[in-house]
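Heads up, the thing below is written out as C-alpha cells.
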Amino acid sequence: MTATDDVAALEAELPLEALPLDAWHRAKGARMVGFAGYHMPIQYEGIMAEHSWTREHAGLFDVSHMGQLTFSDETGGASVDAALETLLPSDIKGLKPFRQRYSMLLDAEGGILDDLMVSRPGVPGEEGGAFEGAAIYMVVNGATKYDDIGWMIEHLPDDVTMNHMADQALLALQGPEAGEAMAALIPETADLIFMQSGSFTWRGVPLWISRSGYTGEDGFEISVPGDSVALLADALCALPQVKPIGLGARDSLRLEAGLPLYGHDLSPAVSTIGADLGFAIQKRRREEGGFIGHARVMKELAEGPGSKRVGLKVEGRLPAREGAQIYAGDVLVGEVTSGGFAPSVGAPIAMGWVSLPYSALDTALEIEVRGKRIAAAVAPMPFVPHRYRRKA
C-alpha cells in the first residue's frame, strides 16, 4: 500500500459533513449519498425526470461543497494579480471588474491539479458588495479544495491574504427558464450575460451572482451566507419554473454539455492542451509564461499532446462507464473517463482519453463493456448545444 492509498483509506473513514441545506434536502425527499466528504442529494424524483426538467425549465442545485476563496492585499489588488499569475495560466491582470474566467491550477510538470473559476468582485477601492475588499474571488472543486488551499498557501507571497469562506453556501440555478426565475426575485440580474457577475442584495442578504454554470444551459451560480441559504432556496423553489435537482442529473447534464469533471476526465496525469482547455490560456500568458507548468504547455502547443480528451458516440443501448478500455482493432488506445445514457440525446455517450492518432472526429473505435466490444466513434462536443446567454 502506498502513502496515497493510506491517505485515501483515512479519508474514507472520516465522517461525512452536513451542508447548510442538509435538512432542507431531506425534507424534500432527497436520496442522500456521500460525495466530496459531504452528505449530498443524488436525486429527488429521479435522475431522468430531473435531467429533463432542467433542460426544459430550471433546476436548483446545491453545490455548497465547492470551495469559495477570496484573495486580498494592501496594494489594490496588484500583488494578488501578480501572485495568481504564477499559479494560474490565465490572464488575471486583464480580468475586468465583474467578469469571470475559467482557469486551472497546474503542477510543475504541467499536470492539472484542479479546474476553477476566477472572478473580480468589483473596482479596487470601491466600498460595498458581497466580497468587499477582495481583489479576486475563486471557486474550486469540493473534492480538492483543501489540497488547493495547501498548494496556494505554499506558493503565495506573504503580502497576499487568502480567505476560505467556509460559512458561505453556493447554489446553481440552471435551465432555459433560469433567467426568468432569477429576475422574479432580483430583477437586476436580467442584465447579466454569460461569465458576467455582480453583487446584489435580496431581503437584506448580500449575494454574489454570476451568469454561469455546469449544464450547458443558461443559468446562475449564487454565493449566499449559509445561514440564509434555506430562505433563498425556498423562494426559488416556490417559483413555477424551479425544482430541486440532485447530483445524478448534474452529472448527465454536464456530460451532454461536454464539460470535464475533475478527478475523472481531468487529473495531474493529463495536460491542459490534451484536455482541449487551451482557450483558458490567453495569448499574453502563452507568450510571457511565468506560470507553473508553462514548459509543458508550450511543448504541447508546438508538438501536440500524446493523447487527447474526446467525445464518444456509443452504438446500441449499453452505456460505457468510467474505466472501460478503448480499442482500435487490437490496439489499446485509451480509456473512458465519463460515460452513461444521455437523456437529451436518447443514446449512450462517453468522454475519454485516446492516443492522438486516434482522436480525429468520426474515428471508428471499440469500447470493451462487460467483456464484449461495442462500436463507438469519436464525436464532437458538446453533444447538446450550449445555450448560454451571451448577449443582452
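By its C-alpha gyration tensor, with a ≥ b ≥ c as the square roots of the eigenvalues, how is region 105-238 shaped: rounded for a/c under 1.5, else prolate for a/b larger than b/c, else oblate? Intermediate values should be presented prior to the final figure.
Numbers: a/c = 1.96, a/b = 1.55, b/c = 1.26.
The shape class here is prolate.
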*Starting from the Cα of Lys391, draw a straight line to each of the aspartates and glutamates and keep only those under 17 Å, dropping any in the same chain fewer than 8 residues away.*
Glu177, Glu180, Glu188, Asp191, Glu217, Asp218
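What is the Cα radius of gyration of region 128-182 over 2.2 N^0.38 Å, N being its residue count?
Values: Rg = 15.0 Å, N = 55, 2.2 N^0.38 = 10.1 Å.
So region 128-182 has a normalised radius of gyration of 1.49.
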*Could you give the length gained on full extension between His264 and Ala49, defined as 0.36 nm per residue of separation minus the Cα-Cα distance, in nm?*
74.9 nm
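What per residue convex hull volume, in Å³, do the alpha-carbon atoms of region 10-55 yield? Provide the component values of the computation, followed by the final result.
Working: hull volume 3.9 nm³, N = 46.
Convex hull volume per residue, Cα atoms: 85 Å³.
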*asked:* With N set to the number of residues, divide the alpha-carbon radius of gyration of region 306-379 by 2.2 N^0.38 Å and report two decimals.
replied: 0.95
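Mind scanning Lys28/Lys243; Lys313/Lys372; Lys93/Lys299; Lys145/Lys243 and naming the pairs with a C-alpha gap bigger than 20 Å?
On the way: Lys28/Lys243 10 Å; Lys313/Lys372 17 Å; Lys93/Lys299 24 Å; Lys145/Lys243 28 Å.
Violating the 20 Å Cα-Cα cut-off are Lys93/Lys299; Lys145/Lys243.
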*Say we join alpha carbon atoms closer than 10 Å with springs in a Gaussian network model of the chain; which of Pro380, Pro240, Pro97 then has the biggest fluctuation?*
Pro240
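Sort largest first and round to whole Å: the equivalent ellipsoid semi-axes of the chain, each the square root of five times a Cα gyration tensor eigenvalue. Before the final figure, lay out each step's value.
Details: eigenvalues 205, 151, 80 Å².
Taking √(5λ) for each eigenvalue gives 32, 27, 20 Å, largest first.
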*Taking H placed 1.01 Å from N in the peptide plane, check which residues at least 5 places from Ser267 or on another chain put their amide H under 5 Å from its amide H.*
Ile112
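For a quick protection proxy, order the peptides 354-361, 368-375 by their average other-Cβ count within 10 Å, most packed first.
Details: 354-361: 15.9, 368-375: 12.6.
Highest-to-lowest ranking by the protection proxy: 354-361, 368-375.
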*Pull up the DSSP beta bridges for the chain and report the antiparallel fraction as a percent, rounded to 5.*
95 percent
*asked:* With +1 assigned to the C-beta of every Lys and Arg and -1 to the C-beta of every Asp and Glu, and no other charges, what is the dipole magnitude of region 1-304 about the Cα centre in debye, to the nearest 20?
replied: 720 debye
*Tell me the label-point distance for the pair Tyr146, Val331, using the 7 Å Cα-to-Cβ offset, in nm and rounded to one decimal.*
4.4 nm
*Ranked list, fewest to most other Cβ atoms within 10 Å of each Cβ, for Phe35, Phe279, Phe383*: Phe279, Phe35, Phe383
*Report, by chain and number, residues whose modeled amide H sits under 5 Å from the one on Ala169, excluding near sequence neighbours (fewer than 5 apart, same chain).*
Val224, Gly226
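Expressed in nm to one decimal, what extension gain is obtained for the pair Asn163 and Glu132 from 0.36 nm per residue of sequence separation less their Cα-Cα distance? Numbers along the way, then the final one.
On the way: separation 31, 0.36 × 31 = 11.16 nm, distance 1.24 nm.
Working it through step by step, the gained length comes to 9.9 nm.
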*Which net charge results for the neighbourhood of Glu45, defined as the other residues with beta-carbon distances under 12 angstrom from its beta-carbon, given Lys and Arg at +1 and Asp and Glu at -1?*
+2
_Give me the net charge for the shell around Thr161: Cβ to Cβ below 12 angstrom, other residues only, Lys and Arg +1, Asp and Glu -1._
-4
*What is the spin-label model distance, in nm, from Lys28 to His155 if the labels are put 7 Å beyond Cα along the C-beta direction?*
3.6 nm
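About the Cα centre, and with charges only on the beta carbon of Lys, Arg (+1) and Asp, Glu (-1), how big is the dipole of region 275-392? Nearest 20 debye, please. Could you put the intermediate results ahead of the total?
Working: 18 positive and 12 negative charges, 143 e Å.
So the magnitude is around 680 debye.
Would you mind counting up the charge near Phe194? Only other residues with Cβ under 13 Å from its Cβ, with Lys and Arg at +1 and Asp and Glu at -1.
Values: positive: Arg99, Arg101, Arg211, Arg387, Arg389, Arg390, Lys391; negative: Asp191, Glu217, Asp218, Glu221.
Net local charge, Phe194 excluded: +3.
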*Full extension from Arg321 to Glu109: what is 0.36 nm times the residue separation minus their Cα-Cα distance, to one decimal in nm?*
73.5 nm
*When the distances between all Cα atoms of region 244-392 are binned every 10 Å from zero, what whole-number percent does each bin get?*
11, 38, 32, 16, 3, 0
*Using only the alpha-carbon atoms of region 77-178, report the extent along each of the three principal axes, biggest first, to the nearest angstrom.*
42, 33, 27
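Computed from the coordinates by the stated procedures, all read-outs in this text should not be read as laboratory data. Since the structure is predicted, the reported quantities are computational estimates derived from the model, not experimental observations. Backbone-built Cβ (ideal geometry, glycine too); neighbour counts: all protein chains shown.
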